[in-house]
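Written below as structure tokens is the structure these notes are about.
We did not get these values from a lab; they are worked out from the coordinates using the rules stated. Note that the structure is a prediction, hence the values are computed from the model and not measured. Backbone-built Cβ (ideal geometry, glycine too); neighbour counts: all protein chains shown.
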């Protein structure tokens, strides 16, 4: 599996399944499927969708594979396209139809001759992920081992495929506490990446972080610090933070992650809010995540501060920031634009104020009048009521009235407008309107958007998302060509 850490859902899968504090997801890359099945008719049909996945454009990969499947039927070509479609959907978090798609792919594999072990391995690895998502890690481990076995016996195998499968197995082992075996697999992956891309490649740095994170969990501080420091050195040498964003191969994407125990991170909690801090290449990004906003709508809010102590200007949010909900279920939260949220706040506030004014305008109080004498009759049942009584009667202009004759005295109780209560209601309505106007203005003023930050500059702002009822989440803040990744737990 190739590393596609620059894109959302896929990178969340192992973190919610394996619950490690290590890096983002390493999933099978489809980019070289056609080369790996060279000489097999039709394999190139999946080339375009695979290429789209290699740079993280999963929506396009899904669209291309779906379109091609309308005309391609049977054989290796359909298998490759279906696996491409499965992976494109998986990496977007669209899990619902994947069991059916995997069944179709499995049936095709069973009746197709001369299928490369690479395609078989890819199918087994996809099946392993879906089995893990379905809550059966033991079976997922068996499938992951079978996938690795197939990749290793193929005549040609892309290292990113094999290493992705190895890393997936290692995560499963780590999750069930088999740390010694997990370390061996991580070390094998590191060795393979070093031979293929060089010992100071980003792919190697990611493996060092995994080894460091596992060592930190096991209490081996010396090894953890050694791995963390080496990985950070490799990534900082790329100067990705200062480079303009452009699509890139996932295995080359630089992620600066919040890894417990790493020398460039810190965390503090105050007033129930946890703020995480990551520093790399002279740039510090701080983030806190609130699931209960102060506004009248139920949105989550990420508070972000970026400080540039580097030697060049940086591009803040050159692409959209991702919030990936990890628990209770994996899903990609949708970012809500500040203006849209502000208008919603104003609309809801004005609606509330309108009802306060309406009910306030109906406020009444009672007026009691006692007059000697029985009077000529009892309204409304007949007779004439003296002008002293005013306009009375049920639902009359004077409100509801009732009368009682007793002992030669007539008592009249009348509902009349309560002007003081109405004024208080108008004041409350105005206070609600003013408060929502302030909240809307705060949203507009605080929203963090794409900008350029010069050296020694600092910017503070907020990001808003439509999800607010979750326990764990991952927040990704793109800076230049790099991504700063934060992990928040126990949010409720």
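Given labels modelled 7 Å from the Cα in the Cβ direction, how far is it in nm from residue 156 to residue 229?
Between residue 156 and residue 229, the simple spin-label model gives 4.2 nm.
Contour minus end-to-end for residue 489 and residue 136, with contour as 0.36 nm per residue of separation and end-to-end as the Cα-Cα distance?
Between residue 489 and residue 136, full extension yields an extra 124.8 nm.
Sorted by packing (mean other beta-carbon atoms within 10 Å per residue), highest first, where do 51-63, 350-362 land?
Per-residue mean Cβ counts within 10 Å order the peptides as 51-63, 350-362.
At R0 = 45 Å, how high is the FRET efficiency between residue 337 and residue 220 if r is their beta carbon distance? Nearest 0.05 is fine.
Efficiency computed from Cβ-Cβ geometry: 0.50.
Which ordering of 163, 462, 204 is given by a fewest-first count of other beta-carbon atoms within 10 Å?
Listing 163, 462, 204 from fewest to most nearby Cβ atoms yields 462, 204, 163.
With the crude spin-label approximation of a point 7 Å out along Cα→Cβ, what separation in nm comes out for residue 458 versus residue 103?
5.8 nm
Among 337-343, 67-73, 181-187, how do they line up by average Cβ neighbours within 10 Å per residue, starting with the highest?
181-187, 337-343, 67-73
Take the alpha carbon atoms of the range 430-483, find their radius of gyration, then divide it by 2.2 N^0.38 Å using N residues; give the quotient.
Normalised Rg, Cα atoms only: 1.55.
I need the peptides 463-469, 91-97 ranked by packing, meaning the mean over residues of other C-beta atoms within 10 angstrom, with the highest value on top.
463-469, 91-97
Can you give the extra length, in nm with one decimal, that the chain gains between residue 180 and residue 66 once fully stretched, where that is 0.36 nm per residue apart less the Cα-Cα distance?
Here the answer is 36.8 nm.
By the gyration tensor of its Cα atoms, with a ≥ b ≥ c the square roots of the eigenvalues, what is the shape of the range 173-231: rounded for a/c under 1.5, prolate for a/b over b/c, or oblate?
Cα axes put the range 173-231 in the oblate bin.
Taking the Cα-to-Cβ direction at residue 149 and at residue 451 and moving 7 Å from each Cα, how far apart do the two end points lie in nm?
About 5.7 nm separates the two model spin labels.
Between residue 273 and residue 363, what is 0.36 nm times their sequence separation minus the Cα-Cα distance? Round to one decimal in nm.
28.1 nm
Residue 305 label point, 7 Å along Cα→Cβ, cut-off 14 Å on backbone N: hits in the range 457-492?
Only 457-462 fall inside the zone, counting backbone N under 14 Å.
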